[in-house]
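Structure first, commentary second.
The values are calculated or read from the model by the stated rules, or taken from the named source; none is laboratory data. In this text, all values refer to a predicted model and were calculated from it rather than measured experimentally. Positions of Cβ are generated from backbone atoms using ideal geometry, with glycine treated the same way; all protein chains shown enter the neighbour counts.
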Amino acid sequence: MRLKRFFEMRSEEVLGLDIGSSSVKIVQMHKDKTGYSVSSAAMADVETSLSETTDSDINTVRAIRNCVNTASASAQLAVCSVCGPDVAVRTFKFPSLPPEEIQGAVMLEASQVCPFNVNDSVVDYHLVPNGQKFIRGILVAATEKLVDRKSMLASQASLKSVLVDVDGLAILNCLKECEKDQTGKTLAVLNVGSLYTTLAIIGKDELPFIRDIACAGNNIIQKIAAEEGIEAENVKQELSSLESEDQKKSKIHNRLEQAGQELINDVSETLRYYAANQKNDVERVYVCGGFALVKGFTGLLNKKIKADVTLWNPFEKIPCQAGSQCEKILQQKGPAMVVAAGLAMRMI
């Protein structure tokens, strides 16, 4: 069993490498006494294979290489991340135990709460000091197949994967750094990607609650395409090109609320579940991810979800060299690059 893969920290600067199903994002940061600044950043689409014989991993590796070349990044050490049904993040609380028994207790807990076989998984944990006579912490588990695939993709693009993180933890890592003025509040980040939506919540107890939802951008696009009787790619192109004044005139955009209802219901139900268990409502939801760039989507969520919902671009608070190539990317695509930013902060 391989441990200490998720929470281990490094002193070198690293590339935050977010390998998604439809795009790859890279961010490299530098930290000094004033805080973080962006050294380089890039984003590249993963081409859709028209031939059944073309391995999708080949296109993903190409996208990673394109990102590295575009960013001109100096670091060769990469921090990747995983999400989805083969990943579990859970909190635990044990009676006081001798240090040598904690690992065994964590493994037993993982075997009971993870929806997959932990014997074929990577398991890690982090203890959270509480000043009381019990042991509190966070455990993370992911299947070895999923972890190995992300490391392999990085390796094939001539990068060295030094750490595998979890999307939800990377997102909260970025949130805690960029929104320090919100400390003490119960906050959530909703990262809407192509295949999965990650809802990550951090409360007053500083313990994370993370849920990956199997309803995301692709589901919404496919529902609109089916209703309109057109290709999903056409829906995607129109949603990404709409200007605010064109939204009311667009039949496709008017379908957005109906097509997004399943995701809205899942998010609302999760927020209610968290509030009931923690006796604490989420005060603000920060929306990010590639689908968050669809104009009007955040406004729709704000109308439907019982919380203050706002589109989040953390690079409004993380400086980048003025006039640089990455500055334009981060201004336009910043909400889609939050996971990569959180991964890049794992340099300490």
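When S96, S72, S39, S56 are checked against the criterion of being over 17 Å from the mean Cα position of the chain (by Cα) and without any contact (Cβ under 8 Å) to a residue 12 or more places away in the chain, a single residue qualifies: S56.
Counting the residues of region 124-138 that are more than 19 Å from the chain's Cα centre (by Cα), in a strand (DSSP E or B) and β-branched (V, I, T) gives 1. Counting only residues that are surrounded by 24 or more Cβ atoms within 10 Å (Cβ to Cβ) and modelled with pLDDT under 90, region 327-345 holds 0 of them. Scan region 64-91 for residues that are over 30 Å from G203 (Cβ atoms) and part of a strand (DSSP E or B) and the total you get is 2.
Examine region 202-211 for a residue that is aromatic (F, W, Y) and out of contact with any Asp or Glu (no Cβ under 8 Å at 6 or more places or on another chain), and state whether such a residue exists. Within region 202-211, one or more residues are aromatic (F, W, Y) and out of contact with any Asp or Glu (no Cβ under 8 Å at 6 or more places or on another chain). Evaluated against (1) loosely packed, with under 14 Cβ neighbours inside 10 Å; (2) at pLDDT 95 or above; (3) closer than 26 Å to V189 by Cα; (4) not small (G, A, S), P115 falls short on exactly one condition, (2). Inside region 151-185, residues that are in contact with a strand residue (DSSP E or B) (Cβ under 7 Å, 6 or more places away or on another chain), buried (at least 21 other Cβ atoms within 10 Å of the Cβ) and in a helix (DSSP H, G or I) make up a count of 9. Number of residues in region 174-202 that are within 26 Å of N218 (Cα to Cα) and not hydrophobic (A, V, I, L, M, F, W, C) equals 6.
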